[in-house]
Amino acid sequence: MKSMSVGWIVPALLLVLVASAQAQPRGGPGRWDYQNSCASCHGTSGRGDGPLVRHLVTPPSDLSRLAQRNGGVFPRDRLIGLIDGRSATDIGPHGSREMPIWGSTYVERYTQAGGNPQLAEEAAHRRILDLVNHLERLQQ
């Protein structure tokens, strides 16, 4: 009887490990935000070929070649400011930028969920950093 109970524990543990590994987001924490907020325009691999491209006035950037276009250096700080968008001075061809201002969006979401403003700012900044880290992993 004892050996029978041990015999099912190992397969059960393996099943739990496999299920938990599959539940983890692949590619780091910024991948989820990218797939759910950016890929519709920039494409799943970041090449600017998302399904909404035909509806945009300005074609989205190829995010997989940011470092290449910047002399081999990944433009981390510039991306943080661009994604946050709250201090951006760039104005699109019709008076506003097409890309959402994610800093405001993230802060709003955290404060609406009951977070205080300082923690909301910190959480928004962390989320943007995670997204930038994901973009760095997309570089070719």
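In this Cβ point-charge picture (+1 for Lys and Arg, -1 for Asp and Glu), the stretch 33-129 has a dipole of about 220 debye about its Cα centre.
Highest-first packing order for the peptide set 31-44, 112-125 is 31-44, 112-125, based on the mean count of other beta carbon atoms within 10 Å. All Cα-Cα distances of the stretch 28-137, cut into 5 Å bins from zero to the largest, leave 2, 12, 19, 23, 23, 13, 6, 2, 0 percent in each bin in turn.
Read-outs throughout are calculated quantities, based only on the coordinates presented, and are distinct from any laboratory measurement. This is a predicted model, so every value here is computed, not measured. FYI the Cβ positions are ideal-geometry reconstructions off the backbone, even for glycines, and counts take in every protein chain you see.
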